[in-house]
1. Determine the pairs where a residue that is in a helix (DSSP H, G or I), located within segment 106-135, has a partner that is among the basic types (Lys, Arg) with Cβ atoms under 7 Å apart, the partner being 6 or more residues away or on another chain.
2. Condition first: modelled with pLDDT under 95, among the small types (Gly, Ala, Ser) and in a helix (DSSP H, G or I). Now tell me which residues in segment 10-44 satisfy that.
3. How many of the residues in segment 27-49 are in contact with a Phe, Trp or Tyr (Cβ under 9 Å, 6 or more places away or on another chain) and either more than 21 Å from residue 108 (Cα to Cα) or not small (Gly, Ala, Ser) (or both)?
4. So in segment 45-82, with the set limited to residues that are open to solvent by 60 Å² or more (accessible area, probe 1.4 Å) and outside any helix (DSSP H, G or I), which one is farthest from residue 94 (Cα to Cα)?
Amino acid sequence: MQILKFFPLVLSGFISGIIIYQSIFIAPSINKLLSNQDASLYLRYIWPKFFIVIGILSLLCFICISIFNSNQNTAKIFSIISAFLMLICYVAIPYMNQAKDSLNESLFIILHSGSIILTILTLLMNLSIFIFWKY
């Protein structure tokens, strides 16, 4: 049962790894290897799942902290905020797609930049959980 006290650290590491891997390797490779139309189809398929998986893992992290580490307030706050930020990104996807399809580049850039910023914040919060964890 003692190992479950550190499970949130595993989840935060997993979240950080997913974000880094997806952002550094997957997304740039898709644009280089696929045509614009195929890349668009694939990205529209994968990004909602990306936000859902990170949101669920963040929520699971929050639940584990609440049950097994109630004194880890900073980690608890960061994990619930991470889940909320990923929900915002997920909800923004249809609007981002619509802006891209209607050639509203300024709205697309705003929404896309917003999702990138929220994802970077999620990454930083999950990395910070290791720093603020009370061992």
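1. As it stands, the answer is 108/100, since those pairs meet every condition given.
2. Scanning segment 10-44 gives 23, 27, 29, 39, 40.
3. Within segment 27-49, residues that are in contact with a Phe, Trp or Tyr (Cβ under 9 Å, 6 or more places away or on another chain) and either more than 21 Å from residue 108 (Cα to Cα) or not small (Gly, Ala, Ser) (or both) number 4.
4. Residue satisfying both the conditions and the ranking: 71.
Each row is one residue, and each column tells you yes or no for (1) under 22 Å from residue 63 (Cα atoms); (2) surrounded by 15 or more Cβ atoms within 10 Å (Cβ to Cβ).
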| site | (1), (2) |
| --- | --- |
| 87 | yes, yes |
| 90 | yes, yes |
| 94 | no, no |
| 98 | no, no |
| 109 | no, no |
| 121 | yes, no |
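Residue-by-condition table, conditions (1) of a type outside the set (Gly, Ala, Ser); (2) more than 30 Å from residue 4 (Cβ to Cβ):
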{"residue": "39", "(1), (2)": "no, yes"}
{"residue": "44", "(1), (2)": "yes, yes"}
{"residue": "49", "(1), (2)": "yes, no"}
{"residue": "58", "(1), (2)": "no, no"}
{"residue": "69", "(1), (2)": "yes, no"}
{"residue": "89", "(1), (2)": "yes, no"}
{"residue": "93", "(1), (2)": "yes, yes"}
{"residue": "98", "(1), (2)": "yes, yes"}
{"residue": "103", "(1), (2)": "yes, yes"}
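The values are calculated or read from the model by the stated rules, or taken from the named source; none is laboratory data. The model shown is predicted, which means the values in this text are computed figures rather than measured ones. In this analysis, Cβ positions are derived from the backbone assuming ideal geometry, glycine residues included, and neighbour counts consider all displayed protein chains. Only protein heavy atoms, including side chains, enter the accessible area calculation; ligands, DNA and RNA are left aside. Shrake-Rupley method; radii C 1.70, N 1.55, O 1.52, S 1.80 Å.
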